[in-house]
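Notes to accompany the following structure.
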Amino acid sequence: MKTVIVPVDFSETSLNAARYATKLLTGHYGVTMVLFNFCDNEKQIPEAIQSLENLRILLRESGIVKTEILAVTGPGFIAELDRMSREVEADLVIMGITGRSPIGQSLIGSNTLKMVEKRTCPVLIVPASATYKDAKEVMLTSDFDNVEYTIPSQQIKNVLNRLRPNLHIMNTDEKHYISITEEYKAEREKLASLFAEFHPEFHFLTLNDVQDAIYQFAQDKQIDMII
């Protein structure tokens, strides 16, 4: 793992994800963490750069990791984050997520699942209240669609091999909220094979809203990390 992008909009959701990422990556001296901020226009970039620099200094209290800062503008947050992830060949994006609260409507919290859907690289989702510790419970989200080609399994296993956690795989496709299809069963078997060494447990949506379902499951199962 060489490059990890951490989007920051300076909401508590994103700041917590940045603290989490710093602790997670401390000690991995070959890894560069990129603090990424999206600006609505070019006039905002100098102020964003200064704020990112201040954050970089603050994060030194959480751990020691090589850190770069980047502020950009463009057609949209997800489009620019996706472009940058491809450009630097990011191994991982670390983002925060919350439930349907005012803070959950921050740029980061409301766009996390959209970035997951891009499938550019694995997205590690940090629950709003999470503090870094050795992750014992990890949730992998999937829409169970052509999993052999849409899930970057080797990159995910690289993370899991460092942690050796209990792995929970959660379906995030709303149509399986109603019924289990033969297609779902086949994709489930492929996932079970891909991650067999981690003995995964499989779970279904318990709510028809994906973000709320992930948030509730993370709370109920005391999930430390979501991918």
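The values are calculated or read from the model by the stated rules, or taken from the named source; none is laboratory data. Bear in mind the structure is a predicted one, so any value in this text is a computation, not a measurement. All Cβ positions, even for glycine, are placed from backbone atoms using ideal geometry, and neighbour counts span all protein chains on display.
Summary table below
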quantity: Members of the range 144-174 found to be in a loop (DSSP other than H, G, I, E, B) and either surrounded by fewer than 19 Cβ atoms within 10 Å (Cβ to Cβ) or of a type in the set (A, V, I, L, M, F, W, C) (or both), listed by number; calculated: F144, D145, N146, I151, P152, R164, P165, D173
quantity: Residue check for T131: of a type in the set (V, I, T), modelled with pLDDT of 80 or more and surrounded by 14 or more Cβ atoms within 10 Å (Cβ to Cβ); calculated: no
quantity: Any chance V138 is crowded, with 18+ Cβ neighbours inside 10 Å, in contact with a Gly (Cβ under 8 Å, 6 or more places away or on another chain) and either of a type outside the set (S, T, Y) or at pLDDT 80 or above (or both); calculated: no
quantity: Residue count, the range 110-127 (criterion: surrounded by fewer than 21 Cβ atoms within 10 Å (Cβ to Cβ) and modelled with pLDDT under 85); calculated: 7
quantity: Residues within the range 10-22 that are in contact with a strand residue (DSSP E or B) (Cβ under 7 Å, 6 or more places away or on another chain) and not in a helix (DSSP H, G or I), tallied; calculated: 0
